[in-house]
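Asker: Dropping a structure here in structure tokens format, bear with me for questions.
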Amino acid sequence: MKQLRCRICQAETLPAGQVFGSYTKRWYALRHCPTCHFSFVAEPWTEYAAIYSEDYYRGKGADPYVDYVYEIEQREQTVRFYEWRGIIEHVRALVGAAPNRRWLDFGCGNGGLMAYGRTHTNYQIDGFEEGWIREYANQAGIPILTPAELSAREGTYDVVTAIEVLEHIVDPLAALRQIRRLLKPGGVFFYTTGNAQPFRDRLASWRYVIPEIHVSFYEPATLARALTLAGFQPFTISELPGWQDIIRYKILKGLGIHTRSRFEQLLPWKLLTSLADRRLAISAHPAARAIV
């Protein structure tokens, strides 16, 4: 059998196990690159209209832990609030608080981060997403850019975020190069995605591997290499503020908790998020600056 090439460095890859897709009821083969440590679903499901249907955005699709419609309808109650707050704090630390900063949330889902940011910062914030949720968000008063509108804004952004987006993308380099074109020279790219390094030898057991939707898995060194190939200069960001709230949201989401409550607010989040980050190295991925 011919080896599948790595989608980042083009080296030959090795089998990394199989994962059963509970939504499609079939098995998916995983591959791992021993050169750059990129891992991926070998033959991903690419019927995107079916994958990212209304059911997916209502928490009835391949990822039962998300409910984007609820987050639009209950912006003040959703636990996603913590992620939004943490990202705002992190972006401020990266690019400053000047009111003329232009920010794009790439793969913005329901546009919740954009809507939150517009009311809590002086930034000019846009969001881009494709699929069913864009029309729903537009009807809810959250305007999301179309592909044509996005192309017209190349080279205009001071910061681009991609929150839990890169794991959904079959061709990471193409996506990173598109994001690079959207940024001004010197602009900053900040993203979140799972860290595959703690699970390198047991990828198939990693809960983050939802093979219908999560098809690309990265270690920090993998992303440093991919970002460099795409025209970025990676840099370390783990000490910047905002991570406690970002990881807090991830913990609550993983527990299936959608709504903020007095009980969860009493938990020792500084300790819990520190322990989670120590175990999963969530904050270890580099951010990146667009170079000329």
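The values are calculated or read from the model by the stated rules, or taken from the named source; none is laboratory data. Because the structure is predicted, anything quoted here is derived from the model rather than measured. FYI the Cβ positions are ideal-geometry reconstructions off the backbone, even for glycines, and counts take in every protein chain you see. Quick note on the areas: whole protein, heavy atoms, side chains included, nothing else; ligands and nucleic acids left out. Shrake-Rupley method; radii C 1.70, N 1.55, O 1.52, S 1.80 Å.
Asker: Among the residues of the range 155-165, is there at least one that is outside any helix (DSSP H, G or I), among the aromatic types (F, W, Y), in contact with a Phe, Trp or Tyr (Cβ under 9 Å, 6 or more places away or on another chain) and buried (at least 17 other Cβ atoms within 10 Å of the Cβ)?
Answerer: Checked against the condition, which is being outside any helix (DSSP H, G or I), among the aromatic types (F, W, Y), in contact with a Phe, Trp or Tyr (Cβ under 9 Å, 6 or more places away or on another chain) and buried (at least 17 other Cβ atoms within 10 Å of the Cβ), the range 155-165 yields at least one hit.
Asker: Here's something else I'd like to know. Open to solvent by 10 Å² or more (accessible area, probe 1.4 Å), touching a Phe, Trp or Tyr at 6+ places or on another chain (Cβ under 9 Å) and among the hydrophobic types (A, V, I, L, M, F, W, C), is that true of I213?
Answerer: In short, no.
Asker: For the range 105-125, which positions are free of Cβ contacts under 8 Å to residues at least 24 places away in the same chain and either touching a Gly at 6+ places or on another chain (Cβ under 9 Å) or surrounded by 16 or more Cβ atoms within 10 Å (Cβ to Cβ) (or both)?
Answerer: Residues satisfying the conditions are R118, I125.
Asker: Right, another one. Of (1) of a type in the set (D, E); (2) touching a strand residue (DSSP E or B) at 6+ places or on another chain (Cβ under 8 Å); (3) more than 23 Å from G109 (Cα to Cα), E212 satisfies all except one. Which?
Answerer: For E212, the failing item is (3).
Asker: Considering A196, A204, which residue is in contact with a helix residue (DSSP H, G or I) (Cβ under 7 Å, 6 or more places away or on another chain), closer than 21 Å to W45 by Cβ and among the small types (G, A, S)?
Answerer: A196
Asker: Considering only the range 1-18, state which residues are more than 17 Å from L229 (Cα to Cα), open to solvent by less than 70 Å² (accessible area, probe 1.4 Å) and not small (G, A, S).
Answerer: Selection gives Q3, L4, T13.
Asker: Go over the candidates Q74, Q3 one by one and state the one that is closer than 15 Å to N110 by Cα, over 18 Å from the mean Cα position of the chain (by Cα) and at pLDDT below 95.
Answerer: On inspection, the qualifying residue turns out to be Q74.
Asker: For the range 225-246, which positions are without any contact (Cβ under 8 Å) to a residue 40 or more places away in the chain and of a type outside the set (S, T, Y)?
Answerer: E239
Asker: Still on this structure: Mind listing just one residue for me: the one in the range 60-78 that is in contact with a Gly (Cβ under 6 Å, 6 or more places away or on another chain) and farther than 24 Å from P172 by Cβ and, of those, surrounded by the most Cβ atoms within 10 Å (Cβ to Cβ)?
Answerer: Per the stated criteria, the residue is E71.
Asker: Name the single residue, out of those in the range 91-140 being among the basic types (K, R) and within 23 Å of Q77 (Cα to Cα), that is farthest from the chain's Cα centre (by Cα).
Answerer: Only one residue tops the list, namely R118.
Asker: Tell me, which residue of the range 224-248 that is among the small types (G, A, S) and in a helix (DSSP H, G or I) is farthest from Q178 (Cα to Cα)?
Answerer: Out of the qualifying residues, it is A224.
Asker: Same structure, new question: Can you list residue pairs whose Cβ atoms sit under 6 Å apart, with the first residue in the range 263-282 being under 26 Å from E219 (Cβ atoms) and the second being among the charged types (D, E, K, R)? Count only pairs 6 or more apart in sequence or on different chains.
Answerer: Partner pairs satisfying both residue conditions: T273/R248.
Asker: Can you tell me which residues in the range 241-292 are open to solvent by 60 Å² or more (accessible area, probe 1.4 Å) and under 12 Å from G86 (Cβ atoms)?
Answerer: The answer is Q244, and nothing else.
Each row is one residue, and each column tells you yes or no for (1) open to solvent by 10 Å² or more (accessible area, probe 1.4 Å); (2) in a helix (DSSP H, G or I); (3) within 16 Å of V91 (Cα to Cα); (4) free of Cβ contacts under 8 Å to residues at least 24 places away in the same chain.
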{"residue": "G127", "(1), (2), (3), (4)": "no, no, yes, yes"}
{"residue": "I133", "(1), (2), (3), (4)": "no, yes, no, no"}
{"residue": "A137", "(1), (2), (3), (4)": "no, yes, no, no"}
{"residue": "L150", "(1), (2), (3), (4)": "no, yes, no, no"}
{"residue": "A174", "(1), (2), (3), (4)": "yes, yes, no, yes"}
{"residue": "I179", "(1), (2), (3), (4)": "no, yes, no, no"}
{"residue": "F190", "(1), (2), (3), (4)": "no, no, yes, no"}
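Asker: With the requirement that a residue be closer than 30 Å to H258 by Cα, open to solvent by 10 Å² or more (accessible area, probe 1.4 Å), in a strand (DSSP E or B) and not hydrophobic (A, V, I, L, M, F, W, C), what does the range 19-59 give you?
Answerer: R26
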